[in-house]
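Participant: Take this structure first; my questions come after.
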Amino acid sequence: MSLVVLDGTYGEGGGSLIRTALAMSAITQQPVRVSSVRGNLKAQGLQPEDLTILNAFKQSTHAETAGAEFGSTEFSFLPSRAPIAQNSSLKVPEGMDGLSHANCNIVLNTLLPVLARTGAYSELSVEGETYGHGALGFDSFCGPTLTVYRRMGIYAVADQLEAGFGRHSRGQVHCEVEPSAFNGLEWNTRGELRRVNAIFAIGDLPESIAQRGVGYLKRLNQGLGLDLEIEVLNLKYKTQGLNLTIWAEFESGVGGTQSSGARGLRVETVVQTAFEEFKKFYQSEATLDEFLADQVILAAALAESPSSFRVSRLSARLLTSIWVIKQFLPIHITVKGKQDQAGLVTVKR
């Protein structure tokens, strides 16, 4: 099949382009070459997270690769078979000690739609970060992300064996993926609110800190008057940390946000940040938050039925993923709205 050639600086020019390219290459069995990998970013070239995903797809599709090394600014991926189910443990690539590790949840979210199409049961264990700044946290993955997947007919169960706060941590997440048939999301209006969840995840911190956070969250919520289901998780950990995830599920919509703590940062500040971001989504007309839209766009493109959903913000990451998908599939993905503003996304095969 013809080689798909991509410029790694296009759009967001980061990990989403690499992840989407590898997933689409595995699914369609079209070879791909990516040049100028992360060329516009401070950390250029392939990173440990990229290599973890690449190696997993390499094993699943028995692919040939070139340039698949840390820091490489160009690589090729040539699958030789359709993806097959996996039963494996994905660890930090050799020689990566001292470097930032993979985010377990991002790795699993990339692999999940591909493995769900193999027709067989997969079981994976991933080592790395489970909570971090600006990255998909475990509670967001296990809650909002897997909830949307289930509504699409994709079934997976994730379990956090050990928490890892930050990119240099080595937490562990185990995930089981069932063979699934994908449905689209016809989510143009939210419908009735079903539930609102808030999860405090803490590691190696006094329980009193979490309780302060719970009390402050309840005070902030007085203005909205939501029926919050609040849970505090005292985790088995390898590093100290705190993370708050808040998300809502509607009849036809899911969205929320998360915020992580840092040394010297008061828990009230973490709660305030998360609550204000959640409030923006809750008071909008969006049926998916900006992060969920990016996470499930690949599954929507692979579904047999069409999708239509409203996004709270059209991120560069989402628009880049859509562009990559179109390089592999003759698919109609229409975006109404401008980058960084609310928008409507429709997907038709």
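Participant: Here is a check on your reading of the model: is residue 121 open to solvent by 10 Å² or more (accessible area, probe 1.4 Å), closer than 25 Å to residue 303 by Cα and touching a residue at least 24 places away in the same chain (Cβ under 8 Å)? Write out each step before concluding.
Facilitator: Working: open to solvent by 10 Å² or more (accessible area, probe 1.4 Å): yes; closer than 25 Å to residue 303 by Cα: yes; touching a residue at least 24 places away in the same chain (Cβ under 8 Å): yes.
So residue 121 fits the description; yes.
Participant: Looking at (1) in a loop (DSSP other than H, G, I, E, B); (2) out of contact with any Leu (no Cβ under 9 Å at 6 or more places or on another chain), find the lone condition where residue 142 falls short.
Facilitator: Failed condition: (1).
Participant: Given the conditions (1) in contact with a Ser or Thr (Cβ under 8 Å, 6 or more places away or on another chain); (2) open to solvent by less than 10 Å² (accessible area, probe 1.4 Å); (3) not aromatic (Phe, Trp, Tyr), which single one is not true for residue 191?
Facilitator: (2)
Participant: Related question: Considering only region 245-263, I want to know if a residue exists there that is of a type in the set (A, V, I, L, M, F, W, C) and at pLDDT below 95.
Facilitator: Checked region 245-263: at least one residue is of a type in the set (A, V, I, L, M, F, W, C) and at pLDDT below 95.
Participant: Residue 219 versus (1) touching a helix residue (DSSP H, G or I) at 6+ places or on another chain (Cβ under 6 Å); (2) without any contact (Cβ under 8 Å) to a residue 40 or more places away in the chain: which is the lone unmet condition?
Facilitator: It fails just one condition, (1).
Participant: Looking only at region 30-80, count how many residues are farther than 21 Å from residue 119 by Cα, among the hydroxyl-bearing types (Ser, Thr, Tyr) and open to solvent by less than 30 Å² (accessible area, probe 1.4 Å).
Facilitator: 3
Participant: So, of the residues in region 92-118 that are over 24 Å from residue 34 (Cα atoms) and modelled with pLDDT under 95, which turns out to be least open to solvent (accessible area, probe 1.4 Å)?
Facilitator: 98
Participant: Can you name every residue in region 138-185 that is open to solvent by 30 Å² or more (accessible area, probe 1.4 Å), under 19 Å from residue 309 (Cβ atoms) and more than 16 Å from the chain's Cα centre (by Cα)?
Facilitator: 151, 183
Participant: Name the pairs: first residue in region 5-32 and touching a residue at least 24 places away in the same chain (Cβ under 8 Å) and among the small types (Gly, Ala, Ser), second residue part of a loop (DSSP other than H, G, I, E, B) and open to solvent by less than 10 Å² (accessible area, probe 1.4 Å), Cβ to Cβ under 7 Å, at least 6 apart or on different chains?
Facilitator: Taking only residues 6 or more apart or on different chains, the pairs are 8/37.
Participant: Now for a separate question. Looking at (1) over 27 Å from residue 321 (Cα atoms); (2) in contact with a His (Cβ under 7 Å, 6 or more places away or on another chain), which is the one condition that is false for residue 101?
Facilitator: Result: residue 101 fails condition (1) only.
Participant: Read through the list (1) under 19 Å from residue 64 (Cα atoms); (2) modelled with pLDDT of 95 or more, then give the number of the only condition that residue 9 fails.
Facilitator: Of (1) under 19 Å from residue 64 (Cα atoms); (2) modelled with pLDDT of 95 or more, only one is false for residue 9: (1).
Participant: I'm trying to understand the selection: among the residues of region 223-244, which are open to solvent by less than 40 Å² (accessible area, probe 1.4 Å), assigned to a strand (DSSP E or B) and more than 10 Å from residue 201 (Cα to Cα)?
Facilitator: Selection gives 228 alone.
Participant: Another one. What's the number of the only condition in (1) closer than 23 Å to residue 297 by Cβ; (2) among the hydrophobic types (A, V, I, L, M, F, W, C); (3) open to solvent by 10 Å² or more (accessible area, probe 1.4 Å) that residue 84 fails to meet?
Facilitator: Residue 84 satisfies every listed condition except (1).
Participant: Within region 276-308, how many residues turn out to be charged (D, E, K, R) and over 19 Å from the mean Cα position of the chain (by Cα)? Give the steps one after another, and end with the answer.
Facilitator: Within region 276-308, the first condition is being charged (D, E, K, R), and the residues that meet it are 276-277, 279-280, 285, 289-290, 294, 304.
Pick out the ones that are also over 19 Å from the mean Cα position of the chain (by Cα) and you get 276, 279-280, 285, 304.
Total satisfying the criteria: 5.
Participant: Restricting to region 2-16, count the residues that are farther than 11 Å from residue 40 by Cβ and open to solvent by less than 10 Å² (accessible area, probe 1.4 Å).
Facilitator: 3
Participant: For region 266-297, give me each residue that is part of a loop (DSSP other than H, G, I, E, B) and out of contact with any strand residue (DSSP E or B) (no Cβ under 9 Å at 6 or more places or on another chain).
Facilitator: 266, 283
Participant: Oh, and also: Within region 316-333, identify whether any single residue is at pLDDT 95 or above, of a type in the set (Gly, Ala, Ser), assigned to a strand (DSSP E or B) and surrounded by fewer than 24 Cβ atoms within 10 Å (Cβ to Cβ), and answer yes or no.
Facilitator: Among the residues of region 316-333, not one is at pLDDT 95 or above, of a type in the set (Gly, Ala, Ser), assigned to a strand (DSSP E or B) and surrounded by fewer than 24 Cβ atoms within 10 Å (Cβ to Cβ), which makes the answer no.
Participant: With respect to residue 271, is the statement that it is surrounded by 22 or more Cβ atoms within 10 Å (Cβ to Cβ) and closer than 23 Å to residue 146 by Cα true?
Facilitator: For residue 271, the condition - surrounded by 22 or more Cβ atoms within 10 Å (Cβ to Cβ) and closer than 23 Å to residue 146 by Cα - is not met.
The values are calculated or read from the model by the stated rules, or taken from the named source; none is laboratory data. As the structure is a computational prediction, the values presented were derived from the model and not from experiment. We place every Cβ from the backbone using ideal geometry, glycine too, and count neighbours over all the protein chains shown. Note: accessible area is taken over every heavy atom of the protein model, side chains too, but ligands, DNA and RNA are not part of it. Shrake-Rupley method; radii C 1.70, N 1.55, O 1.52, S 1.80 Å.
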